[in-house]
Amino acid sequence: MSEDSTRIVAIACDHGGVDLKTVLKDDLAARGLEVLDLGTDGSASVDYPDFANALAAALAEGRAARGVLICGSGIGISIAANRHPHIRAALVHDALTARLCREHNDANVVAFGARVTGVETARDALRVFLDTPFEGGRHQRRVDKLG
């Protein structure tokens, strides 16, 4: 991963996450982060694995250091992302799960369900995800066992 990519956050969604993606992109930019938008941008039905795969490729290629994924429930897109061994995507529902996924699991991708998580809750969880460091220690050996 290049030094420049640490300031880049990739974001992708299916048709169920477009509105939330727009809000979270604005929040990322307001923090001074560069946003790599991998789509989708409209309400036409698309397949969430395609967007999870695009984000996983961006992280593997060093084009971004972290990622944000959004679909209707957050479940499908996080499952698709976690099929890639370098991805640790965590479906979060609030600031607490966002904090724990960073502290304990060193998650590099946060996933949201746009139909089940309110906009302000998602905004707060994203802020916590970005600001929380990995604790390491006893958690490191567990993360090492993930792949």
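The values are calculated or read from the model by the stated rules, or taken from the named source; none is laboratory data. Source: prediction; values computed, not measured. Using ideal geometry, Cβ is built from the backbone for each residue, glycine included, and neighbour counts are taken over all protein chains shown. Only protein heavy atoms, including side chains, enter the accessible area calculation; ligands, DNA and RNA are left aside. Shrake-Rupley method; radii C 1.70, N 1.55, O 1.52, S 1.80 Å.
For the subset of region 1-56 comprising residues that are acidic (D, E) and open to solvent by 60 Å² or more (accessible area, probe 1.4 Å), which member is farthest from F129 (Cα to Cα)?
For region 1-56, the residue satisfying everything is D47.
In region 39-57, is there at least one residue being in contact (Cβ under 8 Å) with a residue 60 or more places away in the chain and on the phi < 0 side of the Ramachandran plot?
no
Can you confirm whether region 28-38 contains a residue that is under 14 Å from the mean Cα position of the chain (by Cα) and among the β-branched types (V, I, T)?
yes
Among the numbered criteria (1) more than 17 Å from K25 (Cβ to Cβ); (2) in contact (Cβ under 8 Å) with a residue 40 or more places away in the chain; (3) not basic (K, R), which one does V68 miss?
Of the numbered conditions (1) more than 17 Å from K25 (Cβ to Cβ); (2) in contact (Cβ under 8 Å) with a residue 40 or more places away in the chain; (3) not basic (K, R), the odd one out for V68 is (1).
Among the numbered criteria (1) open to solvent by 30 Å² or more (accessible area, probe 1.4 Å); (2) closer than 26 Å to G137 by Cα; (3) part of a loop (DSSP other than H, G, I, E, B); (4) among the hydrophobic types (A, V, I, L, M, F, W, C), which one does A64 miss?
Unmet condition: (1).
Would you check if A58 is in contact with a strand residue (DSSP E or B) (Cβ under 7 Å, 6 or more places away or on another chain) and among the small types (G, A, S)?
yes
Just for region 1-59: of the residues that are of a type in the set (S, T, N, Q) and in a loop (DSSP other than H, G, I, E, B), which one is modelled with the lowest pLDDT?
Across region 1-59, the extreme among qualifying residues is S2.
Looking at this structure, is V119 in contact (Cβ under 8 Å) with a residue 12 or more places away in the chain, in contact with a helix residue (DSSP H, G or I) (Cβ under 6 Å, 6 or more places away or on another chain) and surrounded by fewer than 18 Cβ atoms within 10 Å (Cβ to Cβ)?
When the stated conditions are applied, V119 passes them.
Return the residue satisfying two criteria in turn: it lies in region 67-98 and is hydroxyl-bearing (S, T, Y) and within 17 Å of K21 (Cα to Cα), and of such residues it is surrounded by the fewest Cβ atoms within 10 Å (Cβ to Cβ).
S73
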